[in-house]
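Take a look at the structure set out below.
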Amino acid sequence: MNSELYSKLIFDYSKPGRCGVDLPEYHYPGVELSAELTRTAPAALPEVDEPTVVRHYTNSSNNNFGVDTGFYPLGSCTMKYNPKVNEAMVAASALANLHPRQPAASVQGALKVYRCLEKALSEIGGMAEFTLNPFAGAHGEYTGLMVIRRYFLDRGEETRTRVLVPDSAHGTNPASAAMAGFEIVEVGSLPDGTVDVADLAAKLDGTVAALMMTNPNTVGMFEKNIPEIARLVHEAGALLYYDGANLNPMLGVARPGDMGFDVMHINLHKTFSTPHGGGGPGAGPVGVRAGLEKFLPNPRVVELADGSLEVECTPDAFGRISSWLGNYTVFVKALAYILTLGPDGLAQVGPLATLNANYVMNALKDLYELPVPGPCKHEFVFDGLRDKSTGITTLNIAKCLLDYGFHAPTIYFPLLFHESLMIEPTETETPETLDAFIAAMREIALRAASDPDYVRNAPYKTPASHPDEDAAALEPVLTYKDLQSHE
Ligand SMILES: *Cc1c(COP(=O)(O)O)cnc(C)c1O
């Protein structure tokens, strides 16, 4: 980057404009916004006094529920505690005030953090190389599939236009494959929730680019047939994609790369402790086995001969999927978490998460229907109450649980069962918390039989009880203006 442009981008507080930045100079040189895009009058921002603003945000935050307020067993989402030291790293260090346009020479430390995390994830995943660019798990899936597409185009195998997805998969899998231009073919599951290998084998041919798999799968079962599945997929000339959202129970114990996966993503906001929910910020780094590195998206952080780091774009990359290098603060937290735990600490995460999940599952399975008998890995799925005569649904149970001060589990996913109630306690919860949750779930189940109306009309203690969910989806109140028009 040339130093003349850089000097224009440094915040100059002596000049007028927002944050002291003279906005017109913020443009790329030679690029002018067209007249219909430029503002002609100042934005009509609401004018409010400071106490009103402070009360608004304080009261909003008191209505919020997070891992810091209570137990959050949201299956599939890995709502583990996020150590505060991670936040201190991001906030207090020199990393907080960087500008993405700074020349590489002035941000060597920040690039080193980036490169260290790429290497750590490569080691953890058993992959040759990682990119940190994608902003979320779904974005990582899309990125990985674009790498796969680019790989087959490079080999002149344009006939590979289909992606196989198990029926137990997270909805983002088929959505990402469709976004990447593939046709989706569903693969069935066996009664134990694992992939039906015979069905898979029948669907593999020269039109298939990849099979996407989650392991442990969304029912919390470890897919034991991965070596056989990898062999079948590779014999058909296709690639094996690992949805790493469920990496937590395997962390430091088993590696997707060793199982035969070719491309994978990791949800840093799940497995590597960044607060999430409500839409972010997250990161979905993508790893690839040797031979696929050059197709990873631009830009890349590369090591030069003199040991220094540079940000570069390469012609083989399938393209670009993010601004700058991705969600940098999430990387700092992930690296802080990895270095704090170390290899031994990381290897304890999965067994503890698995122990907690099995403890809760066994304490409730006499009252809740367990369609796939355990032992499970980090999470498990109930199919509603065992006593079907009460008429109490999974939605009723989830809402009733709010009065006990717990976040609800994931409901109606996976789609394999009608009344799915998916519970993931994570490794950071104490036996006391788990016991309190178990007691609440048991009380709800017993009350469903003795006083079903009570359960059906819960919750009673929350700011909203039974909002019109259709209206909330169709006419969401998202802005200050929407709120005013509703008052
Ligand atoms: C969370 C999740 C995803 C999607 O990740 P996002 O970061 O929410 O986009 C994909 N697959 C599985 C199994 C998940 O649990």
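The values are calculated or read from the model by the stated rules, or taken from the named source; none is laboratory data. All figures in this text were calculated on a predicted structure; none of them were measured in a lab. No Cβ is skipped: glycine too gets one built from the backbone with ideal geometry, and neighbour counts run over all protein chains shown.
Here are the numbers for this structure:
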{"read-out": "Residue within region 184-191 that is modelled with pLDDT of 95 or more, of a type in the set (A, V, I, L, M, F, W, C), under 30 Å from P343 (Cβ atoms) and within 16 Å of the ligand (Cβ to nearest atom) present", "value": "no"}
{"read-out": "Residue check for S322: within 15 Å of the ligand (Cβ to nearest atom), on the phi > 0 side of the Ramachandran plot, in contact (Cβ under 8 Å) with a residue 60 or more places away in the chain and among the polar types (S, T, N, Q)", "value": "no"}
{"read-out": "Neighbours by Cβ (under 6 Å, 6+ apart or cross-chain): first from region 281-296, in contact (Cβ under 8 Å) with a residue 24 or more places away in the chain; second in a strand (DSSP E or B) and among the polar types (S, T, N, Q)", "value": "V286/T131; L296/T131"}
{"read-out": "Looking only at region 148-167, and only at residues there that are buried (at least 24 other Cβ atoms within 10 Å of the Cβ) and among the aliphatic types (A, V, I, L, M), the one that is nearest to the ligand (Cβ to nearest atom)", "value": "V165"}
{"read-out": "Qualifying positions in region 390-435 - closer than 23 Å to P249 by Cα and surrounded by fewer than 16 Cβ atoms within 10 Å (Cβ to Cβ)", "value": "Y412, L415, T430, P431, E432, D435"}
{"read-out": "Flag for A209 being more than 15 Å from the ligand (Cβ to nearest atom) and buried (at least 19 other Cβ atoms within 10 Å of the Cβ)", "value": "yes"}
{"read-out": "All positions within region 242-265 that are touching a Gly at 6+ places or on another chain (Cβ under 6 Å) and either more than 10 Å from the ligand (Cβ to nearest atom) or of a type in the set (S, T, N, Q) (or both)", "value": "P249, M250, L251, V253, R255, P256, G257, D258, V263, M264"}
{"read-out": "The lone exception for G384 - which of (1) buried (at least 17 other Cβ atoms within 10 Å of the Cβ); (2) modelled with pLDDT of 95 or more; (3) out of contact with any Leu (no Cβ under 7 Å at 6 or more places or on another chain) it fails", "value": "(3)"}
{"read-out": "Answer residue from region 168-196, given it is part of a loop (DSSP other than H, G, I, E, B), surrounded by 16 or more Cβ atoms within 10 Å (Cβ to Cβ) and free of Cβ contacts under 8 Å to residues at least 60 places away in the same chain and is nearest to the chain's Cα centre (by Cα) among those", "value": "A180"}
{"read-out": "Near pairs, Cβ below 7 angstrom, 6+ apart or cross-chain, from region 136-161 (closer than 20 Å to A334 by Cβ) to any residue that is in a loop (DSSP other than H, G, I, E, B) and more than 16 Å from the ligand (Cβ to nearest atom)", "value": "T143/P297"}
{"read-out": "Whichever residue in region 364-399 is touching a Lys or Arg at 6+ places or on another chain (Cβ under 8 Å) and part of a helix (DSSP H, G or I) and, among such residues, is farthest from E429 (Cα to Cα)", "value": "N396"}
{"read-out": "Complete set of residues in region 321-339 that are at pLDDT 95 or above and surrounded by fewer than 19 Cβ atoms within 10 Å (Cβ to Cβ)", "value": "L339"}
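Each row is one residue, and each column tells you yes or no for (1) within 19 Å of the chain's Cα centre (by Cα); (2) not small (G, A, S).
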{"site": "A290", "(1), (2)": "no, no"}
{"site": "F295", "(1), (2)": "no, yes"}
{"site": "E303", "(1), (2)": "no, yes"}
{"site": "G307", "(1), (2)": "no, no"}
{"site": "G319", "(1), (2)": "no, no"}
{"site": "G326", "(1), (2)": "yes, no"}
